[in-house]
Amino acid sequence: MVDLIIRSGHILDGTGSPAWKGDIAVDEGKIVEVKDSIDMHAEYELNADGKYICPGFIDIHTHSDFSLLANRCAESSVRQGITTLVTGNCGHGPAPSPDRGLGKQITFGYSENFNTDFGWDHFAEYLDDLFSPGLSVNVAPLVPHGSIRLAVMGYDARPPTRAELEKMKDYVDEAMSAGAAGFSTGLEYSPGKHADENELSALCSVAANHDGIYASHIRDRADTFMESVVESLNIIRRAGCTGQLSHLAPRPYARGEFDQVLETIYKARDQEGLEIGIDTFPDVWGPGPVVTLLPPWVYEDKPDKILDRLKSPDVIDQCRETFNNPTNYLLRLGGFKSFYLTCSRSYPDLVGRNFQEISEIFGLDHTETIFKLLLAD
Ligand SMILES: [Zn+2]
């Protein structure tokens, strides 16, 4: 008698062999037998006829760092067959977070609506909060560069001093010792974009000393796509670690050099023996915070300062100029009508509308519309 038998499924065992029809027996949380037909009884039996049985998928690119604390069952992953999540991607994540206001800003998916405590300074404390009460999935957390840089330098757009670099290295070392699987960067975002190759190589080397990987949301995937890939390859080379180039799809407005980009990566992999993985998006839509439609100088600060700016008519005027001559990559993606409101505490009725429609409903121009949405929430 075992705990569970899954019968008559098409078994894909993860070795690359073709599927074959058989049974799987599980006892005390472990697979104890896999064969054509198992002649045993189980406490619980599942008929998987006409279905596939395979090892759980690994989702190498998630931003579930915070949402896992609010929903430990992680059903949106489990129901897709995902049993391991890599978190802390794109240089964003909730720890280290000695300044809670800044920590929340750099955590994708943070919401006060979750009613979940954000109560840690260090990465080890965050991991303890994450793992101690139990989770339905395995998690491989990356330590995010952006969170570390914010903790040490705020949004300063300059190289770190020697002391600051040492402090950032200590944060990486501490996180890796606590169980991080690697180091991530988001070089298209603040504050990641203020870091140069030397800073990133130094920090990545600390992760490499712990056998950690380096996952990068690279600096740009349009006008300077090739340079951005070369920079990430250099960091991987200098640190001597395994690299993962995240969501490596060209922006819709990129020059047609994607083939050369891939060729450069394959060359580094095949001729130099660098270990590099690539992942990409399964869809054309992506989520993002409304505030990133604005120029970075508006939101690169502590929450109270940002609020002051959002209330200032002068700031609205300055931002309007940006939108009249848009350089923001989000705007280059297709203009206001291609942005949809997916979440708003103050205007739940407008969720599902695009920004063009919302600006018509408000009777305001695009810039005023963005300010109104942000300020209200
Ligand atoms: Zn990213």
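The values are calculated or read from the model by the stated rules, or taken from the named source; none is laboratory data. A quick note: this is a predicted structure, and the numbers were derived from the prediction, not measured. Ideal geometry is used to build each Cβ from the backbone, glycine not excepted, and the neighbour counts take in all protein chains shown. Accessible surface is based on the protein model in full, side chains and every heavy atom, while ligands, DNA and RNA are left aside. Shrake-Rupley method; radii C 1.70, N 1.55, O 1.52, S 1.80 Å.
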Once you put a point 7 Å from the Cα of residue 157 and another 7 Å from the Cα of residue 33, both along the Cβ direction, what distance in nm separates them?
6.7
Students often forget the sequence filter, so: which lysines lie under 25 Å Cα-Cα from residue 21 once same-chain residues fewer than 8 apart are removed?
30, 35, 51
Using a Gaussian network model of the chain whose springs link C-alpha atoms within less than 10 Å, name the residue from 279, 49, 211 with the highest mean-square fluctuation.
49
Pairs beyond 32 Å (Cα-Cα), from 267/337; 167/302; 193/311; 267/302
267/337; 267/302
To the nearest 0.05, the calculated FRET efficiency linking residue 362 and residue 76 through their beta-carbon distance, R0 being 45 Å, is 0.90
From most to least accessible, 1.4 Å probe, no ligand or DNA/RNA atoms counted, 83, 107 line up as 83, 107
Charge dipole (debye, nearest 20) of the chain; +1 at Cβ of Lys and Arg, -1 at Cβ of Asp and Glu:
800
Dipole of the chain [Lys/Arg +1, Asp/Glu -1 at C-beta], most positive-end residue of 204, 333, 261
333
Rounded tilt (10° steps) of 162-178 against the dominant C-alpha axis of the chain
20
For the chain, with a Gaussian network of springs between Cα atoms less than 10 Å apart, report the residue from 65, 223, 349 with the top mean-square fluctuation.
349
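Relative contact order of region 57-278: what whole-number percent is it, with Cα pairs under 8 angstrom and at least 6 residues apart?
Relative contact order here is 17 percent.
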Quickly estimate the mean residue ellipticity at 222 nm for the chain, helices only: each DSSP H run with n ≥ 4 gives -39500 (n - 2.57), and the total goes over all residues, rounded to 500.
-10500 deg cm²/dmol
Between residue 260 and residue 237, what length comes free when the chain is fully extended (0.36 nm per residue of separation minus the Cα-Cα distance, one decimal in nm)?
6.3 nm
Which residue fluctuates the most in the chain, going by a Gaussian network model with Cα springs under 10 Å, if the choices are 363, 277, 288?
363
Cα pair distances in the chain, grouped into 20 Å bins until the bin that holds the longest one, percent each:
25, 53, 21, 2
Rounded to whole Å, sorted largest first: equivalent-ellipsoid semi-axes of region 2-53, Cα gyration tensor
18, 12, 9
From most to least accessible, 1.4 Å probe, no ligand or DNA/RNA atoms counted, 315, 78 line up as 78, 315
Inter-site label distance for residue 332 and residue 138 at 7 Å from Cα along Cβ, in nm:
3.9
Tilt relative to the chain, helix 366-376 - C-alpha long axis, 0 to 90 degrees, to 10:
70
Take region 57-278, compute every pairwise Cα distance, and split them into 10 Å bins from 0; I just need the percent in each bin.
9, 35, 36, 18, 3, 0
Residues of region 126-166: accessible area per residue at 1.4 Å, in Å²?
42
Within straight cross-link reach of residue 169, meaning Cα distance under 17 Å, which aspartates and glutamates are found once same-chain residues fewer than 8 apart are removed?
121, 196, 197, 199, 211
What whole-number distance in Å separates the alpha-carbon centres of region 347-374 and region 229-256?
36
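Would you mind getting the accessible area per residue of region 1-64, heavy atoms of the protein chains only, 1.4 Å probe, in Å²?
Per-residue accessible area for region 1-64 comes out at 67 Å².
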Positive-pole candidate from 110, 141, 78, dipole of region 20-147, charges at beta carbon:
110
Could you work out what % of the accessible surface of region 1-92 is carbon and sulfur, using a 1.4 angstrom probe and leaving DNA, RNA and ligands out of the count?
53
Take the alpha carbon gyration tensor of region 290-376, find the square roots of its eigenvalues, order them as a ≥ b ≥ c, and report rounded if a/c is under 1.5; if not, report prolate when a/b exceeds b/c, else oblate.
oblate
Between residue 269 and residue 17, Cβ-based FRET efficiency (R0 30 Å, step 0.05) works out to 0.75
Region 2-53: relative contact order in percent, alpha carbon pairs under 8 Å with at least 6 residues between
49
List, in order, the whole-Hz ³J(HN,Hα) value for each residue of region 120-135 obtained from phi through the Karplus relation with A = 6.51, B = -1.76, C = 1.60 and θ = phi - 60°; use x for Gly and Pro.
9, 9, 9, 4, 4, 5, 4, 4, 5, 4, 6, 8, 4, x, x, 9
At a Förster distance of 22 Å, what's the computed FRET efficiency of residue 223 paired with residue 320, Cβ-Cβ distance as r, to 0.05?
0.35
Once all protein chains are kept in place, residue 51 shows an accessible area at probe 1.4 Å, nearest 10 Å², of 120
